[in-house]
């Protein structure tokens, strides 16, 4: 007997720098709840699947895991850095900050400020 299963093998949450910059506000638990058919808030709206998925893989990037999200937290030291510009309402300012993050990753030049273990530990 053959069975068909339906799911998603590549999903990013706000812990990934690219999903965060696109204003994704979900965390892994939100993603799994959505996959199970539960309602979640996504981009300011309540969304719910008509049918649950059989499987889901949250595949957040390892680079700067959850760090950019901290730039929006006024209690975080990162909110007072140039990296906080990723949260700017002006798309040009936000995109320029994001491109600086991407360029560093592509060139293999991790920014020491964004790569501090204390920032990543704060997310986990």
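Table: residues versus (1) at pLDDT below 85; (2) under 11 Å from residue 67 (Cβ atoms).
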residue: 78; (1), (2): no, yes
residue: 104; (1), (2): no, no
residue: 111; (1), (2): no, yes
residue: 116; (1), (2): yes, yes
residue: 123; (1), (2): yes, yes
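Restricting attention to region 69-81, and to residues there that are out of contact with any helix residue (DSSP H, G or I) (no Cβ under 7 Å at 6 or more places or on another chain) and part of a helix (DSSP H, G or I), which single residue is nearest to residue 118 (Cα to Cα)? Selected residue: 77.
Under the condition of being surrounded by 13 or more Cβ atoms within 10 Å (Cβ to Cβ) and under 16 Å from the mean Cα position of the chain (by Cα), the residues counted in region 109-122 number 5. Taken over region 82-101, the criterion of being in contact (Cβ under 8 Å) with a residue 24 or more places away in the chain and closer than 13 Å to residue 64 by Cβ is satisfied by 83, 86, 98, 101.
In this structure, is residue 84 part of a helix (DSSP H, G or I), at pLDDT 90 or above and out of contact with any helix residue (DSSP H, G or I) (no Cβ under 9 Å at 6 or more places or on another chain)?
no
Of the residues making up region 26-41, those that are touching a residue at least 12 places away in the same chain (Cβ under 8 Å) and surrounded by 14 or more Cβ atoms within 10 Å (Cβ to Cβ) are 26, 27, 28, 30, 31, 32, 34, 35, 40.
Any residue that is within 12 Å of residue 17 (Cα to Cα), in a helix (DSSP H, G or I) and modelled with pLDDT of 90 or more - is there at least one of those in region 51-68? Yes, region 51-68 contains at least one residue that is within 12 Å of residue 17 (Cα to Cα), in a helix (DSSP H, G or I) and modelled with pLDDT of 90 or more. Residue count for region 28-48 under the criterion of being part of a loop (DSSP other than H, G, I, E, B) and modelled with pLDDT of 95 or more: the result is 5.
Apart from one condition, residue 106 fits all of (1) surrounded by 10 or more Cβ atoms within 10 Å (Cβ to Cβ); (2) within 15 Å of residue 61 (Cα to Cα); the exception is (1).
The residues of region 42-58 that are surrounded by 13 or more Cβ atoms within 10 Å (Cβ to Cβ) and within 14 Å of residue 12 (Cα to Cα), listed by number, are 42, 56, 58.
The values are calculated or read from the model by the stated rules, or taken from the named source; none is laboratory data. The shown structure was predicted, so the numbers you read here are calculated from the model rather than taken from an experiment. We place every Cβ from the backbone using ideal geometry, glycine too, and count neighbours over all the protein chains shown.
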